[in-house]
Amino acid sequence: MNRSLALLSGRLARRVASPMGLPRRIGCSRGLVSQAVKHSAAWKLGHLNHVAIAVPDLDQASAFWRDVMQADKVSDSVALPEHGVYTVFVELGNTKIELLFPLGEKSPIAGFLAKNTSGGIHHICINVSDIGAALETLRARGVRALSEEPKIGAHGLPVVFLHPKDCGGVLVELEEKR
């Protein structure tokens, strides 16, 4: 085998770790190429459920999405004391935007707004087929959950948040889709 072919073979076999420590790319003569890694799992990652935005004024934000952006459906505000938030959902057809406003002084959204006074993206939520199996797999792979067990979320379904330091800097919420 000639030297350039041997180098290419070595590069093709080399795996590069992703930020979460899982193999995701292989090198080749044309640069980095995504590596399709299939895992048989007891759960499946589903579609984007919503993007959550912390807002300093819930009425103003609701009016923006309803009146300026012309969203067809903007829900009424719902208090979720167990999560320390008021929520409003903006329906977008294939996904939603969740507007979050603090409920109480210990609200995690109050802390977020103290650092980001204009508000901003707080988290993304992705559906999973089995939240218990997802948690078991993710913990085995070093991804931390922010709670020991799932809680019931705004849609009345089990949810759990994953630590942003283990998810590329993004706070990820998993919601079990039934």
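Points worth noting:
- Approximate spin-label separation Leu92-Ser77, in nm, with each point projected 7 Å along Cα-to-Cβ: 2.3
- Rolling a 1.4 Å probe over the protein chains gives Glu175 an accessible area of about 10 Å².
- Extension gain for Lys151-Thr117 works out to 9.5 nm (0.36 nm per residue, less the C-alpha to C-alpha distance).
- Model label points for His47 and Val170, set 7 angstrom from Cα along the Cα-to-Cβ axis, are 1.7 nm apart.
- Using the 1.4 Å probe convention, the accessible area of the range 61-178 works out to 56 Å² per residue with neighbouring protein chains retained.
- A 1.4 Å probe over all protein chains sorts Glu136, Glu176 by accessible area into Glu136, Glu176, starting with the largest.
- Spin-label model, Arg139 to Asp59: label points 7 Å out along the Cα-to-beta-carbon direction sit 4.4 nm apart.
- Area of Glu91 that stays accessible when all protein chains are in place (1.4 Å probe, Å², to 10): 80
The values are calculated or read from the model by the stated rules, or taken from the named source; none is laboratory data. In this text, all values refer to a predicted model and were calculated from it rather than measured experimentally. Counting neighbours? That spans all protein chains shown, and the Cβs are built from the backbone with ideal geometry, glycine included. SASA here: full protein model, heavy atoms, side chains in, ligands and nucleic acids out. Shrake-Rupley method; radii C 1.70, N 1.55, O 1.52, S 1.80 Å.
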